[in-house]
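Written out below as structure tokens is the structure these notes cover.
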């Protein structure tokens, strides 16, 4: 941390405070309106029919009985979908399928009816004749030439994506290494389990402009997708208004547009009525996307002192039958692979492979948890082989401020060292322990200053002040429960000398809010925060200029605090800000104070060889865990957990802790209990009884020490914290289990069955 | 088939003609417009629809509406005072970060209320047990448990 860094030395009165979430009281009273709660006049209900097979030709669809049912307004099949209406990163996914289905979640027909019950009855009346085809469910097998093709036109099941890099010379570095470890890891399907299920309401106005209320994390990109759909429907030059109501959780699940949204649009257009589609819990499990399952091959080496020499990784990702933005997760996996710890020689190759399974999507961490599981597990293996302590190997290879990583990431602030110290302070990782007890540690790097995955990583903000000292700020950023409304309000209040209660944050309505690339990549505090700060700075300058005339003082001598403008060192010269605003407004040639600002961080798209400074700054952290493994049952009990994060600055420690705690428990589910069980493409556990989430009974105390490095680029020094909490949990747990009972589990989730099997295997092995 | 039932809802006496297959959740949300009670699964697995019937926390998605005849129902809408003052549990969830996306919050608060009404000095394990049927995906439960603990102090403190 530089002494000259202004972010480190500011005196702050609103930023840094534990201010409760602005909409919490509304939510506590049960008055917050989610998509579940919205009813528009004349609204009818849509329902979707899904495929009965994982892979089949559609021979015939007969919808006549469904159409004849009283109360049914429209029945659509793939035949009714315009040819160019396709979704996803690869544009391989029409909202209703025609000719062939490629997974159980394929949408084959949709109905709009006067009630959800009648819509469901109509679905039951649709008759479809299928001709079943052999399916392919194993991504490694799907890569073989003789395997059935998921999409014949694509000619191969391997997607044509550029996920490959090689920096330095991995082959030579391996030869030169004193110690090398090699392992294969696999990770499972997990799903977001947002408590509020997915849903949308679409309606057209008299001029065929579309308004869609939808659960999205990307209002502006969704608007673009829907405009493309309208164009495919022959509706050129129309307007699309995307309104995101309060949503019951995001976690990455809403980073693409989904079939149900486009189907709602088609049904609304066919009926000229507002059409609502709302998922039930079974649909939410079966027809929304998961985290990418991966097969990971990794080699890492170090010299005789433990300094990392190379990292060589190869991955196969089960893409499922269609390609969402989630197919770009390998580009984010590159971040920990090339840049977690200092390692010069790095190679990575990832293949995304079509199968007849459910297709995957974005999920908190965006590939980072999978990659970090392999990296941090093998780092412990390497430490053991080299005879170095697990803490020492991490300290020795830690990232440091000023580093430029092989991928070209410029590390501005970096508190990894302090995070490792904080974990070590709370848990003596290599101290003495009882039988069956073990400690584990794992670190993380993540984007903390935006992420230029899309062409723009920007966010706009419009700020206006009224005659009473109040602010409305219209931000492109999206609050989905994480608290961006607070972050925005606290930043603006701090800059303008106001209180949080003075700030009204308006978000998630494309008619009134500026563009933003979306609530992803832990970017909102940093990017939307900087956008809000930029707009506030412009208005502040205007207030100071006007105040300097009214108070007869230089602008640089004026201070805004507690709703008042005053002259430094002259307590007599002072004026309430609302009075200043009225004087500005109601004087001849009057003015009102407002500003707009678009902040696009100076980060880079990855160019040739996948190089480029993806984020303006990076977030770091280290997690430590103490577990108890029952050797009789294989059960792993988490006794203690420390999650230390370098957050730049905690704009709001209360909400920050909430992000860390929530991330950690989600990560523990990933490590220990959660899995969407898929058998021949079919989801077998589409309910909360069989999909094992942690409950309050399993809740643990989590210590969350905050390391503040006051990043020079962040708003008041802040970096992102949305995702990091769930990134290093699985390897920390796996490392602790190894420490406790000497078995290395390489497949997630680490169930008691796997631990028991590994213990049994270990007992069979002769001692070396 | 419909049946006329009478019940107390948040202190008001209500008479309502209900269809025999309606759930209490359907009656509250779809018929009476009380949107505070949420449907997270419809199968009694997530607790988002928790309301209090005769002092017991129940999943209203599994509870038939006709069964509430003659009973006393409390929903999230009945907790705050008429002057807008939040119930100490609501205030505590607000102040302690117990609410993020908020979808589980009404059910979480109602389960907590049923517990503390019956056992104002519930210990940490009893609180965890009482909330075991309420799933939250945002908070990791840490700040929810802190919220209930803090409210417990206030509720018992206020009563003495």
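Every number here is computed from the coordinates shown, using simple stated rules; none is lab data. These numbers come from a predicted model, not from an experiment. Note: ideal-geometry Cβ built from the backbone for every residue, glycine included; neighbour counts use all protein chains shown.
Of note:
- Sorted by Cβ density within 10 Å, fewest first, the residues A:246, A:702: A:246, A:702
- Neighbouring Cβ atoms from other chains, within 10 Å of the Cβ of residues in A:663-676, number 1 on average.
- Fully extending the segment from residue A:166 to residue A:114, taken as 0.36 nm per residue of separation minus the present Cα-Cα distance, adds 12.9 nm.
- Full-extension gain in nm, residue A:67 to residue A:282, via 0.36 nm per residue minus C-alpha separation: 74.9 nm
- With Rh defined as the Kirkwood radius, the inverse of the mean 1/r over Cα pairs, the Rg/Rh of the range B:40-160 is 0.95.
- Based on the reciprocal of the average 1/r between different C-alpha atoms, the Kirkwood radius for the range A:341-455 equals 16.9 Å.
- For the range B:88-159, the ratio of Cα radius of gyration to the globular rule of thumb 2.2 N^0.38 Å stands at 0.97.
- For the range B:7-57 versus the range A:288-302, the gap between their alpha-carbon centres in whole angstrom: 45
- Given R0 = 35 Å, the distance between the Cβ atoms of residue A:579 and residue A:600 translates into a calculated FRET efficiency of 0.45.
- Spin-label model distance (nm) - residue B:30 vs residue A:304, 7 Å beyond Cα toward Cβ: 7.6
- For chain A, the convex hull drawn through the C-alpha positions has a volume of 176 cubic angstrom per residue.
- Available extension along the chain between residue A:124 and residue A:757 is 223.4 nm, counting 0.36 nm per residue and deducting the alpha carbon span.
- Computed E for residue A:563/residue A:586 - FRET, C-beta separation, R0 30 angstrom, nearest 0.05: 0.95
- Normalised convex hull volume, the range A:407-513, alpha-carbon set, Å³ per residue: 206
- From least to most packed, judged by other beta carbons within 10 angstrom and beginning with the fewest, A:649, A:765, A:239 follow the order A:765, A:239, A:649.
- Cα-based values for the range B:2-78, radius of gyration first and Dmax second, are 11.1, 30 Å.
- Per residue of peptide B:143-152, the mean number of Cβ atoms on other chains within 10 Å of the residue Cβ is 2.
- Mean projected area (nm²) of the alpha-carbon convex hull when the range A:632-690 is viewed from all directions: 7.0
- Spin-label zone in the range A:344-364 - amide nitrogen under 14 Å from a point set 7 Å from the Cα of residue A:314 along the C-beta vector: A:347-352
- Per the Debye formula on identical point scatterers at the alpha carbon atoms of the range A:39-100, with no solvent, log10 I(q)/I(0) at q = 0.12, 0.17, 0.21, 0.23 Å⁻¹ is -0.41, -0.77, -1.04, -1.14.
- Estimated translational D of the range A:600-655 in µm²/s (Stokes, Kirkwood radius over Cα pairs; 10 °C; 1.306 mPa s): 103
- Nearest 10 degrees, 0 to 90: helix B:142-159 Cα axis against chain B principal axis: 90
- Calculated FRET efficiency for the pair residue A:552/residue B:119, C-beta based, R₀ 45 Å, to 0.05: 0.10
- Test item: B:102-115 mean partner chain Cβ contacts at 10 Å: 4
- Taking the fewest neighbouring Cβ atoms within 10 Å as the starting point, the ordered list for A:189, A:325 is A:189, A:325.
- Distance between the C-alpha centres of the range A:577-616 and the range A:409-457: 33 Å, rounded to the whole angstrom.
- Distance from the alpha carbon centroid of the range B:125-159 to that of the range A:107-144 works out to 42 angstrom.
- Distance between modelled label sites at residue A:433 and residue A:512, nm, 7 Å Cα→Cβ extension: 5.3
- Spin-label model, residue A:630 to residue B:149: label points 7 Å out along the Cα-to-beta-carbon direction sit 2.5 nm apart.
- Cβ crowding within 10 Å averaged over residues, with A:104-114, A:174-184 ranked highest first: A:104-114, A:174-184
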